[in-house]
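The values are calculated or read from the model by the stated rules, or taken from the named source; none is laboratory data. The model shown is predicted, which means the values in this text are computed figures rather than measured ones. Neighbour counts are summed over all protein chains in view; Cβ atoms, including those assigned to glycine, are modelled from backbone coordinates with ideal geometry. Surface areas here come from the heavy atoms of the whole protein model, side chains and all, with no ligands, DNA or RNA. Shrake-Rupley method; radii C 1.70, N 1.55, O 1.52, S 1.80 Å.
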Amino acid sequence: MARPGPGRAGSARRGLGERRPPTWEISDSDAEGPAGAETPARGRDPAEERRPAAEALRRLRPGQAVRRLAVLVDPAVLEDAGADTLMEALHALGCEPRAEPQRPARSLRWSRESPDPCPRGVPPEVWAEDEPHVLLLLEPEEFVRGVLQLTQVRGPTCPVPWVTPESPARPHLAVIGLDAYLWSQKPSAQETQQPEHPAVTRAEVAVGWPEVEEALVRLQLWANVDVLLVASWQELSQHVCAFTKALAQRPFKQARESGAFPFCTSGRWAAGEQVARDGTGLRRAWWRQVRQFNRVSPAVADAIVSAFPSPRLLQQAYMACGTEQERLGLLADLPVKTGKGVPPRRVGPDLSRRVCLFLTTTDPDLLLDLGS
């Protein structure tokens, strides 16, 4: 009989004590033999399956997405001395401002760099390259001429200035220094007495804030055009940065809300008590509901839940009461344990009234807490 080799003896001795972790050996013959061909494939690691989704979510985060957003600025905008404030603000935000000719002139557009490849599980429309928004910068004189056109011609058939119907982008208008311009165009006492002023000058002088507000309403109702009136390039830069942040957050919000119930988290509850199918946790949920009332301590909630373990039992007790006064004071005399050697106190009539109204009233506008 052949003697067992040292490897077999070592295996027998280890079998009596600590088991040896399995080891794998790869050789050239494994792929050629039938055993290697029939080896079942191992299941994918759940962590490996979640990694692409986590990577996609990371790319959608506003802090990452803003770096993929480029602001396309028409070169005509950069000719203004205050444009440096806008470019510095965009650089500080983390996005990339680029000088490219735009139509119409003196406008800004936004473009997003799509990842390659697109993360799996994210709708393709989330990574739309061109945003359907354009911000057109107008001089005060040009905006006043458009206001005259809007206020002199009545009816929704009036052509809206600065808006091209065939353009798919949604226009936004920005005017810098309109208030100062209107004040500078007000006629003095001597100019008012001179009737020989040109007609164009009289028309421009006739435009004031009432006409501007009327034009803003018409632009909003007829063409869905927003108008931003700012006093300086600093204010304009703040608005552009805020708008850019909102565009950077849009893909993340769309991906988060693409599920059937975006307000629910997967795997666990966002808040509250988890209730099992057999009813375990209902009493704790009722206790937390009582705690949501103002000025309710855990000891007071314990007293109410101990006397009425469910809201249904409390509703039945209210129905058994003969008068409204009896229902309002049903919980007032319940004892509340505060500690050893301390006499118990009561729930009190105020909380008793609030809980009663909460469970019995049909008025949605009723104020429960008189002390709020």
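So how much accessible area does K253 have, in Å² to the nearest 10, using a 1.4 Å probe?
Roughly 90 Å² of K253 is accessible to a 1.4 Å probe.
In the stretch 288-344, carbon and sulfur make up what percent of the accessible area (probe 1.4 Å)?
Values: 1930 of 3560 Å².
With neighbouring chains kept in place, the figure for the stretch 288-344 is 54 percent.
Between Q254 and W222, with labels modelled 7 Å along Cα→Cβ, what's the label distance in nm to one decimal, could you check?
According to this spin-label approximation, the distance is 3.1 nm.
Please compute the per residue accessible area over the stretch 280-360 with all protein chains in place, 1.4 Å probe, rounded to a whole number of Å². Let's see the in-between values first.
Values: 4790 Å² over 81 residues.
The answer is 59 Å² per residue.
Among 64-74, 312-322, how do they line up from the highest to the lowest mean number of other beta-carbon atoms within 10 Å? All intermediate terms of the calculation are to be shown ahead of the outcome.
On the way: 64-74: 19.5, 312-322: 12.9.
For the peptides 64-74, 312-322, the packing ranking is 64-74, 312-322.
Applying a 10 Å radius around every beta-carbon, put 276-287, 93-104 in order of their mean neighbour count, most first. Spell out each step's value before the answer.
Working: 276-287: 12.4, 93-104: 15.4.
In descending order of packing, they fall as 93-104, 276-287.
If the cut-off is a Cα-Cα distance under 29 Å, which lysines reach K245, setting aside same-chain residues fewer than 8 apart in sequence?
K253
Which Cα, out of G329, T360, Q289, lies furthest along the positive dipole direction of the stretch 280-360 (beta carbon charges, K/R +1, D/E -1)?
Of the candidates, Q289 comes out farthest on the positive side.
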